[in-house]
Amino acid sequence: MRKERWGLSWRGWLIVLAGVILAFSAFLLRVYPFLAVTHRVDTNVLVVEGWIHEYAIRAALKEFQSNHYERVFTTGGPVEGAGGYVNDYQTEASVGTELLTKNGLPIESVEMVPSRVMNRDRTYGSAVALRTWFREHNMPVRGINVLTEDVHARRTCLLFQKALGHNVAVGVIAVPNPDYDANHWWRYSESVKDVVAESVAYIYVRLLFFDPPDSARDKKMAEVSRHPIDTQQ
């Protein structure tokens, strides 16, 4: 007795192959602009991730000078190679402050907000440190713009939003890397590594990352006990 066996014909395999090629092409064209998003909100508070390179620091200075910002906050945990938290001045937040002032930002306009977190949740730890600083200094805000580097932007925005809560609008500014063409990022090994790593990290944050219970509880209590005011007034 012969058994029937179903399979794709050569035309079917061509259709499947064409679908795979189209899907891959769509990924190449859309993933970079999806990750490297820029979306500003109306605020006078600019947050600069302290780990960014000097080209992005210069972009941060230009952003501050060309808009109506009143304060700049630098964030970040222990610098790489320190072996963990040593003191506030050996953090990326401190490095970012130093680079900003060296490039012309008035020292009175910048505030260093260091984090002690040095693990896979460093960005979230930096956002929590900023949230804590706002509370301790009685500075409720309605919105912030976070400046970071290219494909890190989408995940940064999501993590800051998780930490600050829905009462704070979080905008993000992605500074493009001058070392490669963003429209043809797949031609450069550095950008391929960055895009793949950030794609995986974003999926992790979107699907598997949750606020630690204590942080979530503290955030809820702070939102109930205080009503944010617009710092632009």
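Each residue in region 82-93 was checked for being open to solvent by less than 20 Å² (accessible area, probe 1.4 Å) and either over 18 Å from the mean Cα position of the chain (by Cα) or over 27 Å from ILE203 (Cα atoms) (or both), and 2 of them qualify.
The residues on offer are ALA23, ALA36, and the sole one that is at pLDDT below 95 and hydrophobic (A, V, I, L, M, F, W, C) is ALA23.
Here ASN87 meets each of (1) modelled with pLDDT under 95; (2) touching a strand residue (DSSP E or B) at 6+ places or on another chain (Cβ under 7 Å); (3) under 19 Å from THR132 (Cα atoms) with one exception, condition (2).
Conditions (1) open to solvent by 30 Å² or more (accessible area, probe 1.4 Å); (2) within 19 Å of ASP150 (Cβ to Cβ), marked per residue:
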residue	(1), (2)
VAL45	no, no
GLU63	no, yes
HIS68	yes, no
VAL72	no, no
GLU80	yes, no
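Those helices (runs of 4 or more DSSP H) of region 131-233 in which 1 or more residues are open to solvent by less than 10 Å² (accessible area, probe 1.4 Å) and at pLDDT 95 or above occupy 153-164.
Restricting to region 104-125, give me the number of residues that are in a helix (DSSP H, G or I), touching a residue at least 24 places away in the same chain (Cβ under 8 Å) and either open to solvent by less than 10 Å² (accessible area, probe 1.4 Å) or not polar (S, T, N, Q) (or both). Counting residues in region 104-125 that are in a helix (DSSP H, G or I), touching a residue at least 24 places away in the same chain (Cβ under 8 Å) and either open to solvent by less than 10 Å² (accessible area, probe 1.4 Å) or not polar (S, T, N, Q) (or both) gives 3.
The values are calculated or read from the model by the stated rules, or taken from the named source; none is laboratory data. Note that the coordinates shown come from a computational prediction; the quantities given were computed from them, not determined experimentally. Here the Cβ is made from the backbone with ideal geometry for all residues, glycine too, and neighbour counts use every protein chain on show. Ligands, DNA and RNA are stripped out before the accessible areas are found, and what is left, the full protein with its side chains, is counted by its heavy atoms. Shrake-Rupley method; radii C 1.70, N 1.55, O 1.52, S 1.80 Å.
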